[in-house]
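The values are calculated or read from the model by the stated rules, or taken from the named source; none is laboratory data. Predicted model only: the values in this text are computed from it and were never measured. Heads up, the Cβs are rebuilt from the backbone with ideal geometry, glycines too, and the neighbour counts pull from every protein chain shown. What goes into the accessible areas is simple: the full protein's heavy atoms, side chains included, and nothing from ligands, DNA or RNA. Shrake-Rupley method; radii C 1.70, N 1.55, O 1.52, S 1.80 Å.
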Amino acid sequence: MKHLRTVDDVMTHAVVSVKLDAPVREIVRTLRRWGVSAVPVLSPEGRVVGVVSEADVLTKVPGDETNATGEPTAVHLMSAPPVTVPRGATISGAARLMGRANLKRLPVVDDEGCPVGVVSRGDLLKVYLRSGAELAEDVRHELLTHLIPEGDSTLSVQVEDGAVTLTGRLPDSVPADLVVRLARAVPGVVDAAAEFTAAA
């Protein structure tokens, strides 16, 4: 079963972008054709160097900054430097970045700064649509991978409407409150509680 842990798990892999010299009419046609509110702007080397949005087109007045035909281009309209996220970023980390910057979409880039996808608020919300069984498996995987040595506990995970209940036995070396905090940090979990018994 796939564990939804990073932006790469939920992003849209198709990237709609424009070049630095794209005229405003091309930008608007691209936004309308693909039904998006913003697109990344790429350098000649294919790196994301800015983002141009509907708001940029509507509010920025380029003045003399136009191309040879008198039309403003992406380089004059874009917001730079761009707010991007690496494909290996956690879902919660991307959500916090999106919230701080008040953005609806983020370009996802590789180590060279080239686009590999786009993640939206809707993409990040996908983690809340998984079944209880999928969430329970994700919580169990997270706890046994990072906190509890396998075989050192009898861990039962129950999920109802995104709320996790943990029962069973923990080794003395593992604090119950830490287990609960880690369970709450799993994307899609809305709350967690535990009723553990001490190890014999």
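What list of ³J(HN,Hα) couplings, whole Hz, do you get for segment 19-26 from phi and the Karplus terms 6.51, -1.76, 1.60, once you set θ to phi - 60° and write x for glycine and proline?
8, 4, 8, 5, x, 4, 5, 5
With all protein chains present and a 1.4 Å probe, how do 78, 98 order by accessible area, largest first?
Values: 78 35, 98 5 Å².
Reading off the accessible areas and sorting them downward yields 78, 98.
Give the label of the value calculated from the structure for semi-axes √(5λ) of the Cα gyration tensor in Å, choosing from (i) 26, 23, 14; (ii) 27, 21, 17; (iii) 46, 14, 13.
(iii)
Helix 132-146 against the longest principal axis of the chain: what's the angle in degrees, Cα atoms only, rounded to the nearest 10?
The angle comes out near 80 degrees.
Roughly how many nanometres apart are two label points built 7 Å out from the Cα toward the Cβ at residue 55 and residue 126?
2.6 nm
Under a 1.4 angstrom probe, counting protein chains only, how are 75, 190, 159 ranked by accessible area, largest first? Walk me through the numbers before you get to the answer.
Numbers: 75 70, 190 90, 159 35 Å².
So the residues, ranked largest to smallest area, are 190, 75, 159.
Could you work out what % of the accessible surface of the chain is carbon and sulfur, using a 1.4 angstrom probe and leaving DNA, RNA and ligands out of the count? Write down the numbers at each step before the final one.
Values: 5770 of 11090 Å².
In the chain, the share of accessible area belonging to carbon and sulfur is 52 percent.
Straight distance only, please: which aspartates and glutamates reach the Cα of residue 104 with their own Cα at less than 14 Å, same-chain residues fewer than 8 apart left out?
Result set, ordered by chain and number: 54, 123.
If you take the beta carbon distance between residue 144 and residue 114 as r and set R0 to 30 Å, what does 1/(1 + (r/R0)^6) give as a FRET efficiency, to the nearest 0.05?
Numbers: r = 36 Å, r/R0 = 1.19.
Efficiency for this residue pair is about 0.25.
List the trypsin sites (Lys or Arg not before Pro) within segment 1-58 that fall in a DSSP loop (any state other than H, G, I, E or B) and whose Cβ has at most 10 other Cβ atoms within 10 Å. Let's see the in-between values first.
Values: sites: 2, 5, 19, 25, 29, 32, 33, 47; in loops: 2, 5, 47.
Passing sites in segment 1-58 are 2.
What list of ³J(HN,Hα) couplings, whole Hz, do you get for segment 106-112 from phi and the Karplus terms 6.51, -1.76, 1.60, once you set θ to phi - 60° and write x for glycine and proline?
10, x, 9, 10, 8, 5, 8
Above 17 Å lies some portion of the pair distances; for segment 73-158, what is it as a whole percent of all C-alpha pairs? Spell out each step's value before the answer.
Numbers: 2276 of 3655 pairs.
In whole percent, the share of Cα-Cα pairs in segment 73-158 beyond 17 Å is 62.
Can you give me the convex hull volume of the Cα atoms of segment 126-200, divided per residue and expressed in Å³?
Numbers: hull volume 5.4 nm³, N = 75.
Output value, Cα hull per residue: 72 Å³.
Given R₀ = 45 Å, what would the calculated FRET efficiency be for residue 193 paired with residue 71, taking r from the Cβ atoms and rounding to 0.05? Working shown, then result.
Values: r = 59 Å, r/R0 = 1.32.
Taking R0 as 45 Å, the efficiency between residue 193 and residue 71 is 0.15.
Considering only DSSP beta bridges with both partners in the chain, what is the antiparallel share in %, to the nearest 5? Mind showing how you got there, number by number?
On the way: 21 of 33 bridges.
The antiparallel proportion sits near 65 percent.
Distance from a point 7 Å along Cα→Cβ of residue 9 to each backbone N in segment 163-196: keep the residues under 13 Å and list them by number.
Residues 185-189 qualify, since their backbone N sits under 13 Å from the label point.
Whose amide H sits under 5 Å from the amide H of residue 79, counting only residues 5 or more places off or on another chain, with H placed in the peptide plane?
For residue 79, whose amide H was placed from the backbone, the distant partners under 5 Å are 51, 52, 53.
Can you compute the helix-only [θ] at 222 nm over the chain? Use -39500 (n - 2.57) per DSSP H run of at least 4 residues, normalise by all residues, nearest 500 deg cm²/dmol. Walk me through the numbers on the way to the answer.
Numbers: 8 runs with 64 residues, N = 200.
Taken over the chain, the calculation gives -8500 deg cm²/dmol.
Net charge near residue 166: determine it from the other residues with C-beta under 14 Å of the C-beta of residue 166, scoring Lys and Arg +1 and Asp and Glu -1.
-3
Short version: ³J(HN,Hα) in whole Hz for each residue of segment 37-49, in order, from phi by Karplus 6.51 cos²θ - 1.76 cosθ + 1.60 (θ = phi - 60°), x for Gly and Pro, what are they?
9, 7, 9, x, 10, 9, 6, x, 8, x, 8, 6, 10
Taking a ≥ b ≥ c as the square roots of the Cα gyration tensor eigenvalues, with a/c under 1.5 meaning rounded and otherwise prolate when a/b beats b/c, else oblate, which class fits segment 81-121?
Values: a/c = 1.87, a/b = 1.47, b/c = 1.27.
Because a/c hits 1.5 or more and a/b exceeds b/c, segment 81-121 counts as prolate.
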